[in-house]
Each structure stands twice: as C-alpha cells, then as structure tokens.
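Just so it is clear, none of the values below were taken in a lab; they were calculated from the coordinates. None of these values were measured; they are calculated from a predicted model.
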Amino acid sequence: MKLLINSYNKNDHDGYFQSGQVLWESIVTNQEAQDIPDSLTVNLSKSGHNSQCDTPLKCLQLHNGHAGTFTSRTVMREYIRRVTADVVDIVNTYNMALEEIQSQDNQITHAIVEHNEDLAPLPAAMVAVPPGAIMFDPQALQDMHDLLFGSITLDELSEEELEGLYEEDEE
C-alpha cells in the first residue's frame, strides 16, 4: 500500500501562505484491497476527534474536501504529521497482531547453548575438586560397587584395575 499526501498552498503575491488544502490518496493493489480490513481506519478530521471522519485506510481519498481549508501553514503541517503518524501506528499495530495470531510451526533460528547444572554435571576438567576429595571414574563404577558390596575382592583385581577405581586429588 502506498499513501500519497498532496498539500496545495495558496500564497499571496509576496509568497506568504494564505490558505491550503490537504488531499490524501491510498494506492492499493487488488490483493491489498482484499487483504486490508475495512476496520482499519484513521481519523482525518482537523482535530482528530470527530468520529464521523474515521476513514478506511485503503481509501483515504473518500475524505478529500471534508477537512476544509487551512488558514495556518503550521496547523496544516501538524495535521499532516498527526495523520501520517496515525497511519504508521495503525499499520504497525495490525502487523504485530497478525504475527501473534498466525499459527506456524515454531522454528528455531539459531542454536541455543546453555549449561544447566541441575541437568548435567560439568566435565571433570572444569570441576574444582576440594583437597582430599576422591574422584571416581564413572567407567569403573560397577567395579567399585562390586568391591564395596562384596561381589569381588581386592585380591582379584590387578594394579591397573585398582588405580582405575579411584584417584586421589594431589593438592
């Protein structure tokens, strides 16, 4: 959609502003005319408070001539600025609401990498081990269990297997 704003000024012979008019024109494609709801309106009254001047966004030209003539260039410029800001706000609000209600499969646009200490322990190399603590090799946990609960005895294990069961921190 494209919005054309035409302001016509009547100046005196010295070039000073005497009066002016503002004409609006919404240029929409056939598809946009179908897609843009009539409920999207902008108030084109001079004050911005006359509800009879709420005009559908896709055909603002319907209000041309109703705002009358401006006798102040400042008031006319403020009117153009207000209506332009209202149009931008209406379109942005509509687009945000449309994005929120559209149902599409959620897609992750980038990988999320986060360490959560409650779910997985840190790698052994990153863990600060207090002095005198014993670190168990998870691979040898079954052997340690069997040793502690009597399934095997120390006599049955070789030195290498014994060293693999536990390591003492040297600090």
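Which whole-number percent gives the relative contact order of region 2-98, counting Cα pairs below 8 Å spaced six or more residues apart?
28
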*To one decimal place, what orientation-averaged projected area in nm² is obtained for the convex hull of the Cα set of region 47-95?*
3.7
_Quick check on region 2-98: what does the Kirkwood estimate of hydrodynamic radius come out to from the alpha carbon pairs, in Å?_
14.3
